[in-house]
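> Could you have a look at this structure, given as structure tokens, before my questions?
The values are calculated or read from the model by the stated rules, or taken from the named source; none is laboratory data. These numbers were taken from a predicted model, which means no experiment stands behind them. Virtual Cβ from ideal backbone geometry, glycine too; neighbours counted across all protein chains shown. The protein model used for the area step is the full one, side chains on, heavy atoms only, and it has no ligands, DNA or RNA in it. Shrake-Rupley method; radii C 1.70, N 1.55, O 1.52, S 1.80 Å.
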Amino acid sequence: MTEDADWISGGGRIFQGRQAIEQMHRELLTGPAKGSRHVHPGTPTIRFLRSDVAIVDGDSYVGAAGTQPTPADFSRYTAIFVKQKGHWMVAAFRSLPQVKPSVTMLDR
């Protein structure tokens, strides 16, 4: 994450800055999502706007470990990546649960 990154969750919550995004993930992964698995099945679509800026669209799955996924467990996301000091970093992330994903089962 870039220091000034922003993240909009599937529930519409907005998190501004790397520290807030990390804190949200810590609380989520030690609380309601503890023990869950989070994967990005399939191949994301990557479009370079410039040599140092890319838009990534892909699928996401979050579910309880050891359970079979259902179509409702999938969502779409869009992320903006920027290259800073030779490293690709997330500058913005949008979870899009209202959009039907392009995959309906995990790639194995």
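> Looking at the range 10-28, which of its residues are surrounded by 15 or more Cβ atoms within 10 Å (Cβ to Cβ) and assigned to a loop (DSSP other than H, G, I, E, B)?
Listed by number, the residues that qualify are G10, G17.
> Counting only residues that are at pLDDT below 90 and open to solvent by 70 Å² or more (accessible area, probe 1.4 Å), which one in the range 31-46 is nearest to M89 (Cα to Cα)? It would help to see each step written out before you state the result.
The initial filter retains those residues of the range 31-46 that are at pLDDT below 90, namely 31-43.
Filter again for open to solvent by 70 Å² or more (accessible area, probe 1.4 Å), leaving 32, 34, 37-38, 40, 43.
Values: P32: 27, K34: 25, R37: 22, H38: 19, H40: 17, T43: 19 Å.
Filtering first and then ranking leaves H40.
> Name the pairs whose Cβ atoms lie under 6 Å apart, with the first residue in the range 22-38 and more than 21 Å from A5 (Cα to Cα) and among the basic types (K, R), the second open to solvent by less than 70 Å² (accessible area, probe 1.4 Å) and assigned to a strand (DSSP E or B), and 6 or more positions between them or separate chains?
none
> Working only within the range 29-43, note down all residues that are touching a strand residue (DSSP E or B) at 6+ places or on another chain (Cβ under 9 Å) and outside any strand (DSSP E or B). Lay out the reasoning, then the answer.
Just the residues of the range 29-43 that are touching a strand residue (DSSP E or B) at 6+ places or on another chain (Cβ under 9 Å), to begin with: 29, 33, 35-43.
Within the range 29-43, L29, A33, G35, H40, P41, G42, T43 qualify.
> Would you please list the contacts, defined by Cβ atoms under 8 Å and residues six or more apart or on different chains, that run from a residue in the range 1-17 that is under 12 Å from F93 (Cβ atoms) and of a type in the set (A, V, I, L, M) to a residue that is open to solvent by 50 Å² or more (accessible area, probe 1.4 Å) and not in a strand (DSSP E or B)?
Pairs found: M1/R18; M1/E22; A5/R18.
> Tell me which residues, restricted to the range 65-87, are open to solvent by 60 Å² or more (accessible area, probe 1.4 Å), modelled with pLDDT under 85 and either more than 19 Å from P32 (Cα to Cα) or touching a Ser or Thr at 6+ places or on another chain (Cβ under 9 Å) (or both).
Passing the criteria: A65, T70, P71.
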